[in-house]
1. Report yes if some residue within the range 192-200 is within 16 Å of the ligand (Cβ to nearest atom), open to solvent by 30 Å² or more (accessible area, probe 1.4 Å), in contact (Cβ under 8 Å) with a residue 60 or more places away in the chain and over 23 Å from Gln281 (Cα atoms); otherwise report no.
2. For the range 1-31, which positions are part of a loop (DSSP other than H, G, I, E, B), more than 10 Å from the ligand (Cβ to nearest atom) and open to solvent by 20 Å² or more (accessible area, probe 1.4 Å)?
3. Could you list all residues from the range 90-135 that are within 11 Å of the ligand (Cβ to nearest atom) and among the hydrophobic types (A, V, I, L, M, F, W, C)?
4. From the residues in the range 32-45 that are within 15 Å of the ligand (Cβ to nearest atom) and not acidic (Asp, Glu), which one is farthest from Ala104 (Cα to Cα)?
5. Only one of (1) loosely packed, with under 14 Cβ neighbours inside 10 Å; (2) under 22 Å from Leu106 (Cα atoms) fails for Glu213. Which number is that?
6. Residues that are modelled with pLDDT of 90 or more and either more than 23 Å from Arg178 (Cα to Cα) or of a type in the set (D, E, K, R) (or both), at least 3 per element: which helices (runs of 4 or more DSSP H) completely within the range 192-252 meet that?
7. Within the bounds of the range 136-143, is there any residue that is more than 16 Å from the ligand (Cβ to nearest atom) and within 26 Å of Pro14 (Cβ to Cβ)?
8. Within the range 156-163, identify whether any single residue is within 14 Å of the ligand (Cβ to nearest atom) and modelled with pLDDT of 90 or more, and answer yes or no.
Amino acid sequence: MNKQKTLVFVGGHPDDETFGLGGTLAQYASAGVKVYYVSATRGEVGTISPELLKGGKSPGDVRWAELECAAKTLGLAGVIHLGYRDSGMPGSDDNRHPQALAAALLTEVTARLVKIFRELKPEVVITFDPIGGYHHPDHIAIHKATVEAFRAAADPNQYPEAGAPYQPQKLYFSVFPRGLLKAAVKILPLFGQDPRRFGKNKDVDLNKLTEIEFPIHAIIRLNKKAAETRDKAAQCYVSQNESRPPSTGMMGLIARFFGRRDSYMRAYPHPDGRRETDLFQGTR
Ligand SMILES: [Zn+2]
């Protein structure tokens, strides 16, 4: 009998697990894999309408509740808050908050992740690409810490207080396919949107993103149910979807370009030139 496999996605905020790779997470969860989302922050910096903050709720409370709704929809085995605060985009004051992820020591974030890897024992770990998808400081910080933690988790001399050594087998970076980004850059102006000022906060330059290309080593083809589950989970994010149509939140539009396949760059083990269709391929 095959033992139950475990996948951990390490992200920055509530909604990172849904917009982008939510289909992959849903598909593995429904196939019996224990899928966990480790969110660095509770999304404290998000702009949220006063309507949703009634009853004294903070933006972080609202977004964490949305995350719990999405996690349930996606079939996740659990959601873990890494204990940091949302940093906002480069230059914002939120970057200097004492609990801001972007201001945290890399070794401290790494230690927390090493502990989680050693406890959950995932075969597969996923995080952002080296530019954090779209240069978000939290995404970049969490990328660095995840890479470090993946390396350190099996070393008994590193972070001995974080539990017994354990080596996750594969590490992937979630990647926006550049072809789709280039298409988005061409299509968005037709909808009256500026690709250089994309997203809810108009702080994402899609044009600049097309200049950096990451190799694709694995493509997960989503079945219909997984794609539908991802779209259903996206509906949990009322606070991210309430901005003007047709852009449903930060990555909503891109998510639609993604359609039925998610792309990944394999960081470990070193790619061998073959393109994978299953992130657990070759795991023991
Ligand atoms: Zn994020």
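1. Checked against the condition, which is being within 16 Å of the ligand (Cβ to nearest atom), open to solvent by 30 Å² or more (accessible area, probe 1.4 Å), in contact (Cβ under 8 Å) with a residue 60 or more places away in the chain and over 23 Å from Gln281 (Cα atoms), the range 192-200 yields at least one hit.
2. Selection gives Met1, Asn2, Lys3, Gln4, Lys5, Ala31.
3. Hits for the range 90-135 are Leu101, Phe128.
4. Tyr37
5. Among (1) loosely packed, with under 14 Cβ neighbours inside 10 Å; (2) under 22 Å from Leu106 (Cα atoms), the lone unmet condition for Glu213 is (2).
6. 224-234
7. no
8. For the range 156-163, residues within 14 Å of the ligand (Cβ to nearest atom) and modelled with pLDDT of 90 or more: absent.
The values are calculated or read from the model by the stated rules, or taken from the named source; none is laboratory data. Everything numeric in this text was worked out from a predicted model, so none of it was measured. All Cβ positions, even for glycine, are placed from backbone atoms using ideal geometry, and neighbour counts span all protein chains on display. Only protein heavy atoms, including side chains, enter the accessible area calculation; ligands, DNA and RNA are left aside. Shrake-Rupley method; radii C 1.70, N 1.55, O 1.52, S 1.80 Å.
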